[in-house]
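Shown next, in structure tokens, is the structure this report addresses.
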Amino acid sequence: MTTKNKLLTLLIVSSGAAASIAAINQGIKISSTSKNILHIPESLCYNWHLGNIHYTKTGTGAPVLLVHDLTAASSSYEWHRLVPELAKNHTVYTIDLLGCGRSEKPNMTYTNYLYVELISDFIKNIIGHRTDVIATGASTPLVIMACSQNADLFNRLLFVNPDSLLSCSQVPTKHSKILKCVLDMPLIGTLLYHINMRRPLLSERISRDYYCNPYSVKIADIDAYQEAAHLGASPKSIYSSITCNYVKCNIVRALKKIDNSIYLVGGGAIPEMEDVMEEYKIYNAAIESAILPEAKHLPQLENPADLCQIINTFFANF
């Protein structure tokens, strides 16, 4: 076979492989979003300058903003069992952060400062009042940074299983920047994303990390997280930014600066969570905390009544 023929054969094989990968990616996307679990008729839209942000508004009373955890499969779905009870005494807002859930997912690099701006703009332009904020996990540093920069927008803060201060302070390295370039590739990067977000792995993570009792996990929970991970134009973009530490930021200075009432709630089944909360108190002695004994990362899904009792007690005391 001549060199010309070899090159032609290689080109044909490569084109066929690319077409196959594209077809696989499209098939995974369609199958993962076909159940339309996250559709909410009363969902509203905030036309933010970097993309449309979907949110909900329920109840009457002092405003409370619920901010979901920051992963590629996260959305405001994590709050849906808590909202009805909180809405009895509060105007409850839930938000799908940019790149998550039903909000727009532009192909871009997501950073801590992008979300700080989004949260502040949402309170300022949509809620319009000083607001209590409840956030989960990796969204904790986003709210802390936003509060330190725009204190007049925030009232009381409650964080569910906050990230450790060490985790918050990680920054992109040379290796993570190379990895991000790979993950951002149109075909291969998308395929790698779909492999990591395939249903069995997602189900395992939810059962292992989010719930204390894995038998409490509902099929609808897995469906919702799988759908959230595949909706939108470029769901892998937030994944690559999170994986490569572009959304991280050292929050120690901000934590020292803010004087808002802060309450931390930790899952008792999470190793080292009490140590994490004590570390926060080192830099802000006014912080209070509580442990939910039979809970892991998302008590709002597994133990909504117990978490709601803590929230109502905290809010009633201030």
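The values are calculated or read from the model by the stated rules, or taken from the named source; none is laboratory data. Owing to the predicted nature of the structure, the values given are computational and were not obtained by experimental measurement. Counting neighbours? That spans all protein chains shown, and the Cβs are built from the backbone with ideal geometry, glycine included. The protein model used for the area step is the full one, side chains on, heavy atoms only, and it has no ligands, DNA or RNA in it. Shrake-Rupley method; radii C 1.70, N 1.55, O 1.52, S 1.80 Å.
Taking the criterion of being open to solvent by 50 Å² or more (accessible area, probe 1.4 Å) and under 16 Å from Ser76 (Cα atoms), no residue of the stretch 188-238 qualifies.
What are the residues in the stretch 166-187 that are within 18 Å of Pro235 (Cα to Cα) and open to solvent by 70 Å² or more (accessible area, probe 1.4 Å), if any?
Start the filter on the stretch 166-187 by keeping residues that are within 18 Å of Pro235 (Cα to Cα), which leaves 179-187.
The answer is Leu179, Cys181, Met185, Pro186.
Looking across the stretch 277-289, the residues that are open to solvent by 20 Å² or more (accessible area, probe 1.4 Å) and either modelled with pLDDT of 95 or more or acidic (Asp, Glu) (or both) come down to Glu278, Glu279, Lys281, Ile282, Tyr283, Glu288, Ser289.
What number of residues in the stretch 150-162 are open to solvent by 10 Å² or more (accessible area, probe 1.4 Å) and either touching a residue at least 40 places away in the same chain (Cβ under 8 Å) or assigned to a strand (DSSP E or B) (or both)? Walk me through how you get there before you give the answer.
At the first step, the residues of the stretch 150-162 found to be open to solvent by 10 Å² or more (accessible area, probe 1.4 Å) are 150-153, 155-156.
Filter once more, so that each one left must be either touching a residue at least 40 places away in the same chain (Cβ under 8 Å) or assigned to a strand (DSSP E or B) (or both): 151, 155-156.
Number of matching residues: 3.
Taking residues in the stretch 239-257 that are open to solvent by less than 60 Å² (accessible area, probe 1.4 Å), and partners anywhere that are outside any loop (DSSP other than H, G, I, E, B) and among the small types (Gly, Ala, Ser), the pairs with Cβ atoms closer than 6 Å and at least 6 places apart or on different chains are Cys244/Ser176; Asn245/Ser176; Val247/Ser241; Ala254/Ser148. Filtering the stretch 45-90 to residues that are surrounded by fewer than 20 Cβ atoms within 10 Å (Cβ to Cβ) and more than 24 Å from His230 (Cβ to Cβ) leaves His49, Lys57, Thr58, Gly59, Thr60, Gly61, Ala62, Pro84, Glu85, Ala87, Lys88, Asn89. Residue check: is Glu42 acidic (Asp, Glu), over 21 Å from Asp121 (Cα atoms) and open to solvent by less than 10 Å² (accessible area, probe 1.4 Å)? No.
Checked against (1) without any contact (Cβ under 8 Å) to a residue 12 or more places away in the chain; (2) of a type outside the set (Ser, Thr, Tyr); (3) touching a helix residue (DSSP H, G or I) at 6+ places or on another chain (Cβ under 7 Å), Pro186 meets all criteria but (3). Within the stretch 35-64, the set of residues being part of a strand (DSSP E or B) and over 29 Å from Tyr193 (Cβ atoms) comprises Lys57, Thr58, Ala62, Pro63, Val64.
Any residue that is open to solvent by less than 10 Å² (accessible area, probe 1.4 Å), farther than 14 Å from Ile144 by Cα and not in a loop (DSSP other than H, G, I, E, B) - is there at least one of those in the stretch 291-300? Within the stretch 291-300, one or more residues are open to solvent by less than 10 Å² (accessible area, probe 1.4 Å), farther than 14 Å from Ile144 by Cα and not in a loop (DSSP other than H, G, I, E, B).
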